[in-house]
Structures are given as C-alpha cells and as structure tokens.
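Participant: Quick one: structure below, then a few questions.
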C-alpha cells in the first residue's frame with residue numbers, strides 16, 4: 001500500500017487520460033522569488049481576497065495554493081498560468097471557465113503547509129486533506145455530523161485510535177461532498193463512508209456510484225479523493241517549484 | 001445614583017435597550033402623525049441620568065439640525081433651532097409608585113400630546129423624558145413634532161444614542177406589557193420590529209456567538225463583521241462552530257449557512273430567523289391543533305440526551321443549560337433567584353409569551369421552580385413545573401444525624417448503578433454523543449461534583465468556591481441556600497422508586513407543606529440517578545408527558561370556562 005503513495009516529482013505535467021485521476025501534492029511554504037512568481041499569476045480579485053486573511057501564514061498559503069493551481073492548470077491547458085480563467089459555482093466551487101473549452105475538472109484542498117490538487121478529464125472530483133491532531137477532539141464534531149453507522153464504527157475503537165479515525169472519516173466525507181459540487185449543503189449525516197476501507201464506492205441518492213480513495217499526503221496528514229464513476233487509475237505526483 | 005461615565009464604562013455597564021412602542025396616536029390629524037417612541041433601558045449597575053441626558057441631547061441636537069424642519073414649525077428658524085438644541089429635559093422618578101401605577105403614569109405622559117388637543121403649531125418640536133422605574137431600570141420617552149417626525153430616521157437616532165452612551169448595548173425583550181397596545185397598528189409595529197432587528201448594533205445572541213467564535217478559532221477579539229474564513233476558519237472548524245452553537249444556543253444551523261453568512265452579525269440574524277420560524281410554526285399551528293405548550297428542560301448535561309430525545313419526539317422541547325460564561329456575569333451567582341432571572345431571560349428570548357412548562361432534575365428542579373415563580377410574577381402563565389427528584393432544601397436541612405451515614409452509602413451504591421447503566425449505553429448508537437471525548441470529560445466533572453454531593457451527604461452541598469468553573473457547582477451552592485417561596489400553580493414531583501434511607505425516603509421530599517394541593521407526586525422506576533437512564537428513560541418520558549398533557553387539558557378547560 002505504501003508503494004502506491006510514491007509521490008513522483010516530475011518536471012512536465014502529463015496529459016490526463018479519460019480514466020486517470022491525477023493527485024498532486026505540494027508544500028505551501030514558499031517565500032521569496034517563488035512566492036512572488038506564484039503571486040504574479042493571481043488576478044486582482046484573488047490578490048484582494050488574499051489580503052483579507054487576518055491570520056499569519058493564511059495569506060501566503062492561499063497565494064501559493066492558488067498560484068500552484070494556476071500553474072498546473074496552465075500546464076494541462078498549455079497556457080500561461082496568469083491566463084487561466086476560473087469561474088465559481090453557486091457554492092463557491094471553482095471550475096475552468098467555458099472559454100477554455102476544456103474537459104478538465106479539478107479540486108483543491110489544503111491544511112497548514114500541505115496542499116492537494118486533483119485533476120480528471122470530464123468527471124466531477126473532490127479532494128480533502130487534514131492534519132491529524134490528536135488534541136483536536138474530533139468526537140465533538142463526529143457526534144453532530146457523522147451517521148449512526150460511522151459513530152458505531154468509531155465507538156468500537158480505543159479513544160486514541162478513534163481520534164485518528166475521525167480524520168480519515170471526515171476527509172472521505174468532505175471529499176465526497178466537494179465532488180458532488182454542492183459544498184456542505186449535503187447533510188454530512190445523510191451518507192456513510194467506511195473509514196477502514198482504503199478504496200470504496202459510495203452510492204448517492206440516485207444510486208450513482210462515486211469512488212473514494214484514502215490518501216496519505218505526508219506524515220501527520222490524511223486525505224481522501226472522490227470521483228464520479230469507478231475504476232480510476234490514480235497517479236500520485238509531486239509539485240516542485242521548478243526553475244526559478 | 002450618579003455614576004461617572006468612565007467608571008461605568010470600565011465596569012462594563014450595559015444597557016438593554018428596547019424601543020417598546022412606536023405608535024400613531026389617536027385624536028386630530030396632526031397629532032396622529034406624532035410619533036411617541038418609548039425606549040426601555042435596563043442598566044447593569046446604577047443608572048447615570050446625567051450621562052443618559054447628555055447622550056440623548058447630542059442626538060436631539062443632530063436631529064433638529066439635520067431635519068431642518070424646525071423652521072416650518074413656527075416660521076422662525078433660528079430661534080427654534082436654538083431651542084431644538086436645548087430641548088427641555090424632564091426626569092421623573094417613578095420608583096416609589098407600584099408597578100401598575102407607574103405604567104399608567106407613563107401611558108398618561110405619552111398620551112398628553114395627542115389627547116389634550118394642543119394644536120400642531122404649538123407643539124414643541126420634540127420632547128423627551130427619563131422615567132426612573134427601578135434601581136436599574138428606566139424608560140425613555142421621546143415624542144416628535146409631526147413635521148419633524150416625517151424627516152427623522154428613528155432607528156438611526158436610537159443607534160446614535162447608543163453610540164453616544166459609550167456603553168455596550170444589547171437588545172432584549174423588555175419585561176412588562178407593551179404600552180398602549182390597543183392603539184398599535186400591528187403591521188407597522190411588526191415592520192418596526194423587523195427593522196430594529198437588523199439595525200441595532202449588538203445583542204446577547206451576538207455576544208454569545210462572539211464567545212463561541214473566539215473559542216473555536218482560538219483568536220481574540222472577533223468582531224461582528226469579521227469573516228470566518230478570513231480569520232483562519234476552515235471546514236472542520238466550521239463543523240465545530242456549528243456543533244457548539246447547537247449545544248449552547250439550541251439551534252441547529254446548517255453547515256452550509258456559514259458560506260452564506262460568514263460573519264457573527266449574519267449568523268445572529270440567521271439565528272433569529274431560525275428561532276422566529278420555530279416560534280411562528282409552533283405558536284400558530286401546533287398550539288391550536290394539539291394544545292401543546294413548549295417544555296423548557298433545565299440542565300443541558302449530555303447525560304440527559306436520551307431523555308431529551310424522547311421528550312422532543314413527544315412535544316415541543318427546549319433544553320437550557322447553564323454556562324459558566326453566563327453565570328460569571330451574574331450579579332450574584334450564589335443566589336438561585338439571580339440564576340433564575342437569567343433563565344427567565346433565555347426562555348423569553350426563545351418564546352416571548354407563555355404559557356410555559358418547566359422541568360429539571362435535582363437542583364435544576366429547584367431552578368425550574370424559581371423560574372416558574374418569576375415568570376408568573378411577570379404576568380406569564382406557567383402551566384406546569386416538573387421537579388425530578390428535587391428536595392426542598394429548607395426541609396432537608398432539618399434532617400440530620402445517623403440517618404445521613406446510611407443515606408450516603410446508599411447514594412454511592414445508586415451512583416454505581418448509574419455509572420453501570422451509563423457505560424452500557426456507550427455502545428448504543430442512540431447515545432452516540434456519550435462516546436465523544438468531550439462527554440467523558442463532562443462526565444468526569446459531573447462525577448466529581450456528584451461525589452462532592454455524596455461527601456457532603458446533602459442533595460445540594462454548600463461549596464467553598466462556587467466560582468470553581470463548573471456551572472453545576474455554582475447551581476448546587478445556590479440551591480443549598482435557596483428558600484422556596486409560596487407558589488400558586490401546578491407542580492409535579494417525580495420520585496424514584498428505589499430511594500435512599502433518611503430524607504431521600506420521604507416521599508414528598510419536604511414540599512407538601514409549602515405547595516399544598518398544588519403538589520402532585522408521581523413515581524418512576526430507578527434510583528435518584530438511573531431514572532433518566534436506560535431502561536427507565538422511556539417510562540419517565542411518558543410519565544412526564546402525561547403529566548404535562550393533563551395540565552394542558554386543565555388549562556384548556558379553565559379557558560373554556562372563562563370564555564363561557
């Protein structure tokens with residue numbers, strides 16, 4: 001299983017084949033030349049949004065995450081990162097503007113200094129990453145937002161393991177609602193995921209199946225990616241800053 | 001009486017402000033346009049009339065200059081404008097009058113302009129008065145000349161006033177009946193209310209939300225307009241925020257609502273909407289169809305979740321917990337009366353008008369009793385008080401000696417049974433919250449305080465430090481000192497079948513003498529602690545519900561008799 005999480009740093013962005021799911025991980029702690037290179041790809045609006053962050057690091061991490069997303073999308077589209085145009089769904093989910101006439105779907109998530117970026121060709125996708133913190137007391141959240149089955153599963157675990165499993169469960173659930181494109185408006189209690197299975201199929205209310213894969217982005221982090229349909233080939237890729 | 005404004009500010013003096021009435025007067029056409037505005041102020045700390053006066057005059061000055069309408073009043077702009085800056089100030093001390101007389105006095109004062117037929121030309125542009133009605137309560141009455149009234153933004157003036165006071169101001173439902181109710185245009189009043197809801201700067205829900213936000217985001221200070229996500233909030237923290245709002249305020253906001261309303265201010269409005277909706281639905285439809293009145297259960301401890309769940313399936317149910325943040329702000333947290341005042345306020349925020357039903361276990365039962373008494377004193381109807389295993393503290397103190405030793409041992413045994421039942425439930429999905437780590441902490445705290453109860457061998461031990469940080473400790477300390485006063489109204493005492501020796505064995509727990517025929521006693525399976533645990537909880541919930549139903553039927557019959 002560990003072998004499948006060999007994140008390969010590559011210089012050129014590959015083409016996304018129909019059945020491929022590209023999962024990129026990236027560190028978001030960049031400063032100096034790379035930070036300004038990424039910042040230059042942002043639109044005025046994105047820069048304004050960045051300036052509104054009031055917490056240290058949050059601003060820079062937002063800039064870096066958005067810059068990396070633009071660079072990756074630019075590479076997939078064969079465009080300059082600054083020329084990538086994004087639109088937003090009613091729930092705030094960004095997607096490629098229709099002008100690009102591209103089938104690429106993507107999703108982004110970041111937690112502290114780690115970011116995950118996933119891309120498919122033509123299928124809805126959602127990703128989530130969280131830092132595992134034993135002191136987070138996730139059970140407070142679980143008791144309000146997890147389904148009965150999930151709570152029963154967590155109850156069988158020792159408290160410490162349950163805290164860790166909580167993050168596994170949460171990331172799978174959030175990746176699912178992100179893939180559905182409706183943000184958090186799908187009640188999290190209305191569906192159940194298994195937090196022991198690394199790969200699983202989650203049916204939606206119309207019986208359509210969504211594939212859910214657990215991710216190990218880095219030590220101390222957990223993540224999940226969900227995409228519409230089945231039999232995805234996952235590629236784990238690492239974004240590097242490249243030539244400065 | 002006089003408090004320096006700076007001192008008052010540092011002491012955190014607060015004003016609760018309400019524009020209680022804004023109505024057209026009857027009478028001639030001109031006076032119909034007169035808009036008397038009544039503002040109800042509750043001051044925490046002594047009232048500083050000088051400060052209120054200067055704050056109000058600042059507003060009045062701005063108004064008369066801004067409206068520019070004084071010229072039209074008597075054709076002499078300059079002199080009238082000057083007058084406008086020095087609107088005669090009236091201050092009336094009504095504290096000596098009985099409550100009813102004070103209200104009549106205010107009513108008469110409000111109606112003078114309209115009723116005495118003074119011609120519009122001769123009315124002063126505006127007048128206002130400060131009426132002192134209590135040590136920490138006053139009313140401000142403000143009436144405007146029709147010509148000015150048209151140009152004045154009442155809401156803005158009130159906001160300016162609040163700012164000029166330099167106090168933290170929160171909106172609250174003022175106790176007591178509204179003035180001149182029959183004269184109100186209901187539609188306009190509703191519109192005025194809605195307007196207030198959005199424009200007055202701060203209220204208690206907002207304060208509570210800010211405290212929750214600060215705890216969840218681990219950052220201080222959070223302002224009402226700060227964006228959750230810009231403060232570093234993310235989805236997990238959003239989930240925690242909503243979980244805590246549900247636990248503290250009893251309102252389940254959808255997670256997605258944070259995207260639409262990512263600020264404290266937005267969320268406050270959303271809370272009002274959610275609460276308002278439930279009030280409208282329950283008040284309009286449900287109450288008429290089934291005759292059910294809302295039950296307020298005091299004691300938000302998670303171990304009561306099974307009971308809460310069952311009761312909420314049976315009727316409209318509100319659970320109210322005590323929070324240290326609120327208790328710490330009370331004038332006297334060691335007084336049960338004072339804690340009950342806070343509960344009354346919370347209840348009336350949720351449901352401004354009765355009839356109410358109240359319930360509580362052990363010391364919370366005493367709190368329910370005192371709360372019911374205070375609600376009645378405010379003219380509200382309380383249909384039923386349910387006390388679960390609640391002892392009359394005065395009578396209990398008279399019991400002592402060797403019986404206590406046996407009672408202590410028995411209570412310990414009962415607590416063990418409670419813990420056993422509790423642990424068994426940990427595996428059940430119905431009580432999934434118990435699995436939560438935080439619950440185990442709460443349980444540990446509760447056990448600790450229960451053990452203290454046992455050590456003291458009293459139902460309500462007096463503690464050396466009621467500010468220890470645990471709201472239960474504060475409540476128990478207050479309960480030990482409490483002297484229940486006479487109360488007219490239905491009270492049901494629910495007793496456990498497995499009782500301890502000593503005072504715990506006395507069926508009425510010392511209430512018969514005080515309550516007489518109003519007291520009903522009903523027994524249920526389990527001991528002091530296990531009555532609300534599985535497998536006893538279903539029986540308890542149904543017994544409670546049937547007591548409440550009987551009380552509702554009685555009320556309905558009594559009302560029918562009155563109508564006939």
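Participant: Multiplying the sequence separation of residue A:18 and residue A:206 by 0.36 nm and subtracting their Cα-Cα distance, what value in nm do you get? Walk me through the numbers before you get to the answer.
Facilitator: Details: separation 188, 0.36 × 188 = 67.68 nm, distance 2.34 nm.
Here the answer is 65.3 nm.
Participant: Averaged across orientations, what area in nm² does the convex hull of the alpha carbons in the stretch A:1-148 project?
Facilitator: Hull-based average projected area comes out at 11.7 nm².
Participant: May I ask you to sort A:135, A:194, A:31 by Cβ crowding, counting other Cβ atoms within 10 Å and putting the fewest first?
Facilitator: A:135, A:31, A:194
Participant: Describe numerically, in nm with one decimal, the distance between label points set 7 Å from Cα along Cα→Cβ at residue B:57 and at residue A:148.
Facilitator: Spacing of the two 7 Å Cα→Cβ label points: 6.9 nm.
Participant: Shielding of B:226-236 by partners, i.e. mean partner chain Cβ atoms within 10 Å per residue?
Facilitator: Across B:226-236, the average partner-chain Cβ count within 10 Å equals 6.
Participant: Ok, one more. Shape of the stretch A:42-81 from its Cα gyration tensor (a ≥ b ≥ c, root eigenvalues): rounded if a/c is under 1.5, otherwise prolate when a/b > b/c, or oblate?
Facilitator: Taking the square roots of the gyration eigenvalues as a ≥ b ≥ c, the stretch A:42-81 is oblate.
Participant: Cut-off is 10 Å between beta-carbons; in what order do B:529, A:236 appear when sorted fewest neighbours first?
Facilitator: A:236, B:529
Participant: Between residue A:55 and residue A:156, what FRET efficiency comes out of the Förster formula 1/(1 + (r/R0)^6) with R0 = 41 Å and r the beta carbon distance, rounded to 0.05?
Facilitator: On the way: r = 37 Å, r/R0 = 0.90.
The formula returns an efficiency of 0.65 here.
Participant: Related question: Would you mind ranking A:172, B:223, B:244 by Cβ crowding within 10 Å, fewest neighbours first?
Facilitator: B:223, B:244, A:172
Participant: Using the Kirkwood radius built from alpha carbon pairs, what does the Stokes-Einstein equation give as D for the stretch A:52-124 at 4 °C and 1.567 mPa s, in µm² per second?
Facilitator: D, rounded to a whole number, is 99 µm²/s.
Participant: From the C-alpha gyration tensor of the stretch A:149-244, pull out the three semi-axes of the equivalent ellipsoid (sqrt of 5λ each), sorted largest to smallest, in whole Å.
Facilitator: Values: eigenvalues 112, 77, 30 Å².
Ellipsoid semi-axes (Å, largest first): 24, 20, 12.
Every number in this text was worked out from the coordinates using simple rules, so none of it is lab data. Every value quoted in this text rests on a predicted model; they were computed, and no experiment measured them. Reconstructed Cβ throughout: ideal geometry from the backbone, glycine too, with neighbour counts over all protein chains shown.
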